[in-house]
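Data first, discussion second: the structure below is written as structure tokens.
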Amino acid sequence: MQGLRTVAALMVGLALAVSPAFAQGQDDLVSPHVDDAGLLNDQVWSQAAVIEELVTLGAMVEPPQDHTQARVMHDDDAIYISVHAVAEEADEIPRLALDDQRIYQHERIELFLDEQPWSEGYFQIVVDRGGNIRATHNAARNAEARDIELSRELDVAVAEVDDGWTMQITIPFAALEAETPEPGDLYRLKVCRDGGRDGPLAWPPNPTSSFHIREADGALYFETMDILFNGDFEEGEVDEHLPPGWSAGMTSDEVDNAPQGTVETIEGAGVDGGRAVRKTKLISALWWPQIWSQGYELEPGAHYEFSLMVHGTLPTVNLRASAYSDGRRVMRLSQSFDVPEEWERLRYYFGVPHEAPEIRVGLSAPNMISGEVYYDKAMLRKVLRGADGTGLPPVATYEPDPDQYQGLDAVMERQGHKPWDLYARGDELLTRRTIFQDREFGTYVWMMDDSHTVEHGGTASVWPAWNADGSLLYLSGTRVGPEGREGGWFINEDYSRLIRYPEARRPSLDRENPDVGFIHRSGELTEANLRTGESRVVAEWEPYPRERVYGLTRDNRYIFLDTPNGGLWVTYEPDPNDPIPQWGLHDGRPEAPDEDGNMKDPHEADTILNLSRHTVAETAEWGHIFRVRVGLLIDRETGEIEKVIAPINGHEAYLRAFISDRVNLPSGGIWDDYRLHTSDDIDELFEIYRYYPIM
């Protein structure tokens, strides 16, 4: 086998020669290139990277008995994984067909692999102690699972050994529909074990109760983690500027080309006694001198970490990433850091804009400050998350919308980049900020989003009940606040005020005072004032299995809580002379009748019909069914709660059926506590329907 290369290293407890200046995490995997050629024999496996121990799921401690070690490597064609599992003697395991779900009844190894780390789907490969195989692709919500026959492409060998059993598997890149990875490429990987004496085990250490939690994925690097050339400044000659791979901008026409400071490479000044770059800056200088790397063609949409060791007397330093398209700089992203007195690694995270795959990373400092700073051990690598385990910033773009509104400059300053940028979808550039007319209320509504992972942003009209007049705009994602990155941001209609709502939840806003809103948790409603920060609990109740607040009633007095979310299906007899149209609804999954055609108690219902966009339906199991609104009216002032049943549709044929004897409206038992909100007058009944928030 030519050009065999390992792909995973630095596991829990693995002793490698890693510089203390950059300590890899327990979920980072990288290994050196292996030049040996040959078959998958012991000599080849001895060069593979080693995961020395899978630890207990949730507790993250070494198991007392079922010790498990894994080895990982790859060549141009496939990934190779070997697992040695300490175990007691086992009963014979029957032979199963490929992809048989009974495999989960046996002692097994489970591998989770994602060759597209920025997507939400992933492969799950299960091999039990008897050599049975199951391979599936788990798709993201609202995405179709990939049609795969991966299990037929896998080469698996399982054998019993003195202290347990072993498994070796070959996973071809072609079977994953992937190209051979380039050095520095990144996959997601988890190696897990279950069915043994010590229960579920996992690598990386996983603090949750599920193998499937995406935040617990390991970062699988191919051949190298760092893709930055000459990050330790050791190549090239030492002179008054910088070694190969780096350049310095010393001054600019903005300052009449006057000296701004000095940049030099110094022997013996580095973290481990090697080279370091020293920059001095004059107090009269603006943002120069600047230090920049060469350009790198990074993956659009991916996230990267630019980090390096820093110390000095300069108070502040900026870590930067400039994006280029066709040789033209289209964006410069940056973050400021305090300079430590002793060596410390600073880390800057950024997403690569789709419009500009070439990136140069660099360093500068704010204007009108002076001092000196030393740099060493620079790195540039793909990442799945921040070093502290937190999420990563959204991918920014460039190009302002030609129809700009005044006031957005303040938002730009707070966000760190322009919120009206364009982004690429297919062959088109789309704006992140659109303006449209709400078809229900006639108001002009803004839509804004700065995340490349969602289809649309929070808007003022998706839920008109919480913001019927479009006075506030909900901004999706997190932004930097007083306590770090926080969610739950709103901006008012003239963009003059950016505010964070309590608890990062989208509230139902007071129709008369948009500074007051109502936040719903399961079993509780809280009123909060976003201007003063004051809050109070309005009402509490026994939580329902599925409940949702849809906003305030038209008189601004009550909050309506839908229980169950989406309404309730009941049986009815249709009138062929007066049919009810399949009237579209926005949202919700109503509860269904039971097998005898009787409506189910919403506290106990477990059957959901996929008829969320209809108010009537014909089913094979229950016949004709009819949807009604069921929920609580909560008095916003007193907290008093009234249980109600009301129409969910304003169509005349639906309303006539609602008040006829043809609909089996719920009654008796728990339904004696519910008031039927109705009227014999169709016009008045229509007003009752309009009284409630839109679903």
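The values are calculated or read from the model by the stated rules, or taken from the named source; none is laboratory data. All values derive from a computational prediction rather than experimental measurement. Backbone-built Cβ (ideal geometry, glycine too); neighbour counts: all protein chains shown. Accessible surface areas use protein heavy atoms only, side chains included; no ligands, DNA or RNA. Shrake-Rupley method; radii C 1.70, N 1.55, O 1.52, S 1.80 Å.
Can you name the residue in the range 519-552 that is among the hydroxyl-bearing types (Ser, Thr, Tyr) and without any contact (Cβ under 8 Å) to a residue 40 or more places away in the chain and, of all such residues, is nearest to residue 631 (Cα to Cα)?
522
Residue 485: of a type in the set (Lys, Arg), modelled with pLDDT of 85 or more and surrounded by 13 or more Cβ atoms within 10 Å (Cβ to Cβ), yes or no?
No.
Being among the charged types (D, E, K, R) and closer than 22 Å to residue 118 by Cβ is the filter; apply it to the range 197-241 and report the residue that is surrounded by the most Cβ atoms within 10 Å (Cβ to Cβ).
The residue in question is 217.
Quick one: is residue 322 more than 26 Å from residue 274 (Cβ to Cβ), of a type in the set (S, T, N, Q) and either modelled with pLDDT of 95 or more or out of contact with any Asp or Glu (no Cβ under 7 Å at 6 or more places or on another chain) (or both)?
Criteria met by residue 322.
Checking residue 614 against (1) at pLDDT below 75; (2) closer than 22 Å to residue 673 by Cβ, only one condition comes out false. Which one?
The number of the failed condition is (2).
Can you pull out every residue in the range 292-313 that is surrounded by fewer than 21 Cβ atoms within 10 Å (Cβ to Cβ) and of a type in the set (A, V, I, L, M, F, W, C)?
Within the range 292-313, 292, 302 meet the criteria.
Go through the range 141-173 residue by residue and tally those that are modelled with pLDDT of 90 or more, within 17 Å of residue 123 (Cα to Cα) and not in a helix (DSSP H, G or I).
Number satisfying all stated conditions: 8.
Could you list, in sequence order, all residues of the range 644-674 that are open to solvent by 10 Å² or more (accessible area, probe 1.4 Å) and closer than 23 Å to residue 559 by Cβ?
650, 666, 670, 671, 673, 674
Working carefully through the options 351, 386, 371, find the one that is at pLDDT below 90, closer than 25 Å to residue 246 by Cα, small (Gly, Ala, Ser) and open to solvent by less than 30 Å² (accessible area, probe 1.4 Å).
Result of the check over 351, 386, 371: 351.
Within the range 276-287, work out how many residues are surrounded by fewer than 22 Cβ atoms within 10 Å (Cβ to Cβ) and touching a Phe, Trp or Tyr at 6+ places or on another chain (Cβ under 7 Å).
Of the residues in that region, 1 qualify.
Within the range 549-579, restricting attention to residues that are in contact with a Lys or Arg (Cβ under 9 Å, 6 or more places away or on another chain), in a strand (DSSP E or B) and open to solvent by 10 Å² or more (accessible area, probe 1.4 Å), which residue is modelled with the highest pLDDT?
Looking at residues that are in contact with a Lys or Arg (Cβ under 9 Å, 6 or more places away or on another chain), in a strand (DSSP E or B) and open to solvent by 10 Å² or more (accessible area, probe 1.4 Å), I get 558.
Output yes when any residue across the range 624-633 is open to solvent by 30 Å² or more (accessible area, probe 1.4 Å) and either basic (Lys, Arg) or modelled with pLDDT of 85 or more (or both), and no when none is.
Yes, the conditions are met somewhere in the range 624-633.
Looking at the structure I just gave you, is residue 212 under 33 Å from the mean Cα position of the chain (by Cα) and of a type outside the set (Val, Ile, Thr)?
Criteria met by residue 212.
Could you check the range 90-105 and list, in sequence order, the residues that are closer than 30 Å to residue 49 by Cβ and open to solvent by 30 Å² or more (accessible area, probe 1.4 Å)?
90, 93, 98, 99, 104
Restricting attention to the range 524-552, which residues are polar (S, T, N, Q) and out of contact with any strand residue (DSSP E or B) (no Cβ under 6 Å at 6 or more places or on another chain)?
Within the range 524-552, 532 is the sole residue that qualifies.
Which members of the range 675-690 meet the condition of being open to solvent by 60 Å² or more (accessible area, probe 1.4 Å) and hydrophobic (A, V, I, L, M, F, W, C)?
Answer for the range 675-690, where residues must be open to solvent by 60 Å² or more (accessible area, probe 1.4 Å) and hydrophobic (A, V, I, L, M, F, W, C): 676, 686.
Quick check, is residue 79 assigned to a strand (DSSP E or B), surrounded by 14 or more Cβ atoms within 10 Å (Cβ to Cβ), touching a Pro at 6+ places or on another chain (Cβ under 9 Å) and in contact (Cβ under 8 Å) with a residue 60 or more places away in the chain?
In short, yes.
Mind checking which residues of the range 531-548 are touching a Leu at 6+ places or on another chain (Cβ under 9 Å), open to solvent by less than 60 Å² (accessible area, probe 1.4 Å) and either over 16 Å from residue 560 (Cβ atoms) or of a type in the set (D, E, K, R) (or both)?
Scanning the range 531-548 gives a single hit, 547.
Of all the residues that make up the range 657-682, how many are in contact with a helix residue (DSSP H, G or I) (Cβ under 7 Å, 6 or more places away or on another chain) and at pLDDT below 90?
Total meeting the criteria: 1.
Given the criteria basic (Lys, Arg), in a strand (DSSP E or B) and either at pLDDT below 95 or open to solvent by 30 Å² or more (accessible area, probe 1.4 Å) (or both), does residue 134 qualify?
yes
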